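Enquirer: Provided herewith is a single structure, encoded as structure tokens, for subsequent inquiry.
The values are calculated or read from the model by the stated rules, or taken from the named source; none is laboratory data. Values in this document were obtained by computation on a predicted structure and should not be read as measured data. Virtual Cβ from ideal backbone geometry, glycine too; neighbours counted across all protein chains shown. Ligands, DNA and RNA are stripped out before the accessible areas are found, and what is left, the full protein with its side chains, is counted by its heavy atoms. Shrake-Rupley method; radii C 1.70, N 1.55, O 1.52, S 1.80 Å.
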Amino acid sequence: MEWFIGFWILVGIFVGWCWYSKEKSSSSDMKMEQKSGVLPKGSFGWPLIGETLDFIAAGYTSQPVSFMEKRRSLYGKVFKTHILGTPIIVSTDPAVNKVVLQNHGNIFIPAYPKSIREIFGEYSILQTNGTLQKKVHALIGGFLRSPQFKSRITKDIEHHVKLTLTSWKDLPLLFVQEETQKFTFRVLVKALLSLDPSDDLDFLKREFNEFIKGLICLPIKLPGTRLYKSLKAKERIFKLVKKIVEQRKLGLEKSEDQEHQNTIPNDAVDVLLRDISGEQNDKQSLSLDFIISHIIELMIPGEETVPMSMTLAVKFLSDCPVALELLTEENMKLKRQKTDSGDDYCWTDYMSMQFTQNVINETLRVANIINAVWRKALKDVEIKGILIPEGWCVLTSFSSVHMDEENYENPYEFDPWRWEKTGASVKNNCFTPFGGGQRLCPGLELSRLEISIFLHHLVTTYR
């Protein structure tokens, strides 16, 4: 009898919570409607969990944007929902996305789920705002675009790509993503830390693989959970990177000031150690932790996004023989030119192959590796008559824009030729594989270069 009474008590509590949540939501909506602009339509789903289960489940289907598409058809291009413990406004409208991305700092700041904030920590790129974020972004971007870096990194990538491709000739079977990760991570870590192949690099690779698994996980930090394991891996990575950065800092302090100013930075650590300390002279230890955290986060493209782009480019080209044939012809032409002239390849050689760049654009569009960014409104904002209340999160969905028939004809079809047509541009609001605004990925040109070099040597070396 006691269990029966207990059961109905629990049912009563649950029903009461559902009623309370509904009333609270309705009350909140009425208050919002009293302000200028209209709160988007949508649903908060179930109490506590909202629509999180549908959101996660969609990610495991052949069309991850199905969660967005279903709600867009019901509520419009901008709608409200409740996922990962947060009420949120989702935008699949490129014009709204542009405003959100460009109005950074004063109106919108990064705001990500708890598990991601836990993983990256307080000195994360995602937590850095204002003038400091602009300064660091400009420093890293300027270094990656410098002629000296471009010349050096092109040779580094070529060396590692050729070495990796040579190792494939006797393999009966290979996994492209695993193989490309081997050299993309090495290339990026050298650009960031000047770390050559060694036990430290092998250790860093293993721990980083463990760390990155926790980027999307439940925010439960108990021993044995995914978040706990990733945080422990982050601690070990931090310790190694800290040792390297401290050694470099000591070396810079011992060097002559004039010599220090005139030399070209070797890597990203060098750039940040030279310039970032000026912002925080009164908090030197904070500055060091800041640099270390940023360096660790900048390793992510080498482990995840660039290898996945290369892998999907191989898959899409394998499924489209005509595109593969044109790509091969273009790259073989460049190879013959270099063989006849005896000149080395340079950055512009790879980037000037138009059809190859079209293939990369289309791969990035269809793959949607960076599918969205999260922002939080610091005050009430009205965009196109839509109210985004203060404190609410906004998810700007890039994948929904990339796969929208209004923006791209037959969006699920791999079609590199679409980039030759009038109106298709890598600079329009409907193509944002690297984000946008003040947080546009500073390494976007480097990522394109790596993919270009890989595809060139792949199609000119193997069938």
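Enquirer: Counting only residues that are surrounded by fewer than 23 Cβ atoms within 10 Å (Cβ to Cβ) and under 18 Å from residue 428 (Cβ atoms), which one in segment 361-370 is modelled with the lowest pLDDT?
Expert: So in segment 361-370, the residues surrounded by fewer than 23 Cβ atoms within 10 Å (Cβ to Cβ) come out as 361, 366-370.
Within this subset, residues satisfying the condition of being under 18 Å from residue 428 (Cβ atoms) are 361, 366, 368, 370.
On the way: 361: 95, 366: 93, 368: 88, 370: 85.
Among residues in segment 361-370 that are surrounded by fewer than 23 Cβ atoms within 10 Å (Cβ to Cβ) and under 18 Å from residue 428 (Cβ atoms), the one modelled with the lowest pLDDT is 370.
Residues checked against (1) touching a His at 6+ places or on another chain (Cβ under 9 Å); (2) under 21 Å from residue 435 (Cβ atoms):
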site: 142; (1), (2): no, yes
site: 154; (1), (2): no, no
site: 179; (1), (2): no, no
site: 183; (1), (2): yes, no
site: 186; (1), (2): yes, no
site: 189; (1), (2): no, no
site: 214; (1), (2): no, no
site: 222; (1), (2): no, no
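Enquirer: Just checking, which of 293, 287 is of a type in the set (Gly, Ala, Ser), at pLDDT 55 or above and farther than 15 Å from residue 244 by Cβ? Don't jump to the end; show me each part of the working.
Expert: On the way: 293 fails: farther than 15 Å from residue 244 by Cβ.
Every option except 287 fails the conditions.
Enquirer: Would you check which residues across segment 301-318 are open to solvent by 20 Å² or more (accessible area, probe 1.4 Å) and more than 17 Å from residue 448 (Cβ to Cβ) and list them? Steps first, answer last, please.
Expert: First, pick out the residues of segment 301-318 that are open to solvent by 20 Å² or more (accessible area, probe 1.4 Å): 301, 304-305, 308, 311-312, 314-316, 318.
Once the filter is applied, which keeps residues that are open to solvent by 20 Å² or more (accessible area, probe 1.4 Å) and more than 17 Å from residue 448 (Cβ to Cβ), segment 301-318 yields 315, 318.
Enquirer: Can you confirm whether residue 229 is part of a helix (DSSP H, G or I), touching a residue at least 40 places away in the same chain (Cβ under 8 Å) and out of contact with any Ser or Thr (no Cβ under 6 Å at 6 or more places or on another chain)?
Expert: Working: part of a helix (DSSP H, G or I): yes; touching a residue at least 40 places away in the same chain (Cβ under 8 Å): no; out of contact with any Ser or Thr (no Cβ under 6 Å at 6 or more places or on another chain): yes.
Answer is no for this residue.
Enquirer: Here is a follow-up. Taking the criterion of being modelled with pLDDT under 85, within 30 Å of residue 133 (Cβ to Cβ) and open to solvent by 80 Å² or more (accessible area, probe 1.4 Å), would at least one residue in segment 12-35 satisfy it?
Expert: Taking every residue of segment 12-35 in turn, at least one turns out to be modelled with pLDDT under 85, within 30 Å of residue 133 (Cβ to Cβ) and open to solvent by 80 Å² or more (accessible area, probe 1.4 Å).
Enquirer: Out of the residues in segment 298-317 meeting the condition of being of a type outside the set (Val, Ile, Thr) and over 19 Å from residue 356 (Cα atoms), tell me which one is nearest to the chain's Cα centre (by Cα).
Expert: Taking segment 298-317 as the starting set, the residues that turn out to be of a type outside the set (Val, Ile, Thr) are 298-299, 301-304, 307-310, 312-313, 315-317.
The next check asks that each one be over 19 Å from residue 356 (Cα atoms); those that pass are 298-299, 301-304.
Numbers: 298: 10, 299: 11, 301: 7, 302: 11, 303: 11, 304: 9 Å.
Filtering first and then ranking leaves 301.
Enquirer: A follow-up question, please. Can you name every one of the helices (runs of 4 or more DSSP H) wholly within segment 147-220 that holds 1 or more residues which are modelled with pLDDT under 90?
Expert: 176-193, 199-212
Enquirer: Of the residues that make up segment 380-392, is at least one surrounded by 17 or more Cβ atoms within 10 Å (Cβ to Cβ) and more than 29 Å from residue 113 (Cα to Cα)?
Expert: no
Enquirer: Inside segment 333-354, can you point out the residues that are under 19 Å from residue 155 (Cα atoms) and touching a residue at least 12 places away in the same chain (Cβ under 8 Å)?
Expert: Just the residues of segment 333-354 that are under 19 Å from residue 155 (Cα atoms), to begin with: 334-339, 341-353.
Once the filter is applied, which keeps residues that are under 19 Å from residue 155 (Cα atoms) and touching a residue at least 12 places away in the same chain (Cβ under 8 Å), segment 333-354 yields 334, 335, 344, 345, 346, 347, 349, 350, 351, 353.
Enquirer: Hey, can you tell me all the residues within segment 446-463 that are under 24 Å from the mean Cα position of the chain (by Cα) and at pLDDT below 90? Steps first, answer last, please.
Expert: The first filter runs over segment 446-463 and keeps only residues under 24 Å from the mean Cα position of the chain (by Cα), leaving 446-455.
Result: no residue meets the conditions.
Enquirer: Among the candidates 169, 114, 135, which residue alone is touching a residue at least 40 places away in the same chain (Cβ under 8 Å) and over 19 Å from the mean Cα position of the chain (by Cα)? Please lay out each step first, then the result.
Expert: Working: 169 fails: touching a residue at least 40 places away in the same chain (Cβ under 8 Å); 114 fails: over 19 Å from the mean Cα position of the chain (by Cα).
That would be 135, the only listed residue that is touching a residue at least 40 places away in the same chain (Cβ under 8 Å) and over 19 Å from the mean Cα position of the chain (by Cα).
Enquirer: Looking at segment 410-445 only, could you name the residues that are assigned to a loop (DSSP other than H, G, I, E, B), over 26 Å from residue 99 (Cβ atoms) and at pLDDT 85 or above?
Expert: Once the filter is applied, which keeps residues that are assigned to a loop (DSSP other than H, G, I, E, B), over 26 Å from residue 99 (Cβ atoms) and at pLDDT 85 or above, segment 410-445 yields 410, 412, 413, 414, 415.
Enquirer: Let me ask you something else. Quick check on my filter: what residues within segment 183-210 are in contact (Cβ under 8 Å) with a residue 12 or more places away in the chain, over 19 Å from the mean Cα position of the chain (by Cα) and open to solvent by 20 Å² or more (accessible area, probe 1.4 Å)?
Expert: Passing the criteria: 190, 194, 195, 200, 203, 207.
Enquirer: Another one. Would you be able to tell me the number of residues in segment 147-157 that are among the polar types (S, T, N, Q) and buried (at least 17 other Cβ atoms within 10 Å of the Cβ)?
Expert: Number of matching residues: 1.
Enquirer: Can I ask one more? So which residues in segment 373-409 are hydrophobic (A, V, I, L, M, F, W, C) and part of a loop (DSSP other than H, G, I, E, B), if there are any at all? Spell out the reasoning first.
Expert: Filtering segment 373-409 down to residues hydrophobic (A, V, I, L, M, F, W, C) leaves 373-374, 377-378, 381, 383, 386-388, 392-395, 398, 401, 403.
Within segment 373-409, 378, 392, 403 qualify.
Enquirer: Here's another thing I want to ask about it. Can you find even one residue in segment 158-176 that is touching a Pro at 6+ places or on another chain (Cβ under 6 Å) and either closer than 22 Å to residue 444 by Cβ or open to solvent by less than 20 Å² (accessible area, probe 1.4 Å) (or both)? Don't jump to the end; show me each part of the working.
Expert: Kept after step one, since they are touching a Pro at 6+ places or on another chain (Cβ under 6 Å), are these residues of segment 158-176: none.
There is no residue in segment 158-176 that is touching a Pro at 6+ places or on another chain (Cβ under 6 Å) and either closer than 22 Å to residue 444 by Cβ or open to solvent by less than 20 Å² (accessible area, probe 1.4 Å) (or both).
Enquirer: Could you tell me whether residue 446 is open to solvent by less than 40 Å² (accessible area, probe 1.4 Å) and either free of Cβ contacts under 8 Å to residues at least 40 places away in the same chain or touching a strand residue (DSSP E or B) at 6+ places or on another chain (Cβ under 6 Å) (or both)? Please lay out each step first, then the result.
Expert: Details: open to solvent by less than 40 Å² (accessible area, probe 1.4 Å): yes; either free of Cβ contacts under 8 Å to residues at least 40 places away in the same chain or touching a strand residue (DSSP E or B) at 6+ places or on another chain (Cβ under 6 Å) (or both): no.
So residue 446 does not fit the description; no.
Enquirer: Could you say whether any residue in segment 351-372 is assigned to a strand (DSSP E or B) and either out of contact with any Lys or Arg (no Cβ under 7 Å at 6 or more places or on another chain) or closer than 24 Å to residue 140 by Cα (or both)? Quick ask: steps written out before the conclusion?
Expert: Restricting attention to segment 351-372, the residues satisfying the condition of being assigned to a strand (DSSP E or B) are 372.
From what's left, either out of contact with any Lys or Arg (no Cβ under 7 Å at 6 or more places or on another chain) or closer than 24 Å to residue 140 by Cα (or both): 372.
Taking every residue of segment 351-372 in turn, at least one turns out to be assigned to a strand (DSSP E or B) and either out of contact with any Lys or Arg (no Cβ under 7 Å at 6 or more places or on another chain) or closer than 24 Å to residue 140 by Cα (or both).
Enquirer: Counting only residues that are surrounded by fewer than 16 Cβ atoms within 10 Å (Cβ to Cβ) and within 14 Å of residue 297 (Cα to Cα), which one in segment 211-235 is farthest from the chain's Cα centre (by Cα)?
Expert: Only one residue tops the list, namely 235.
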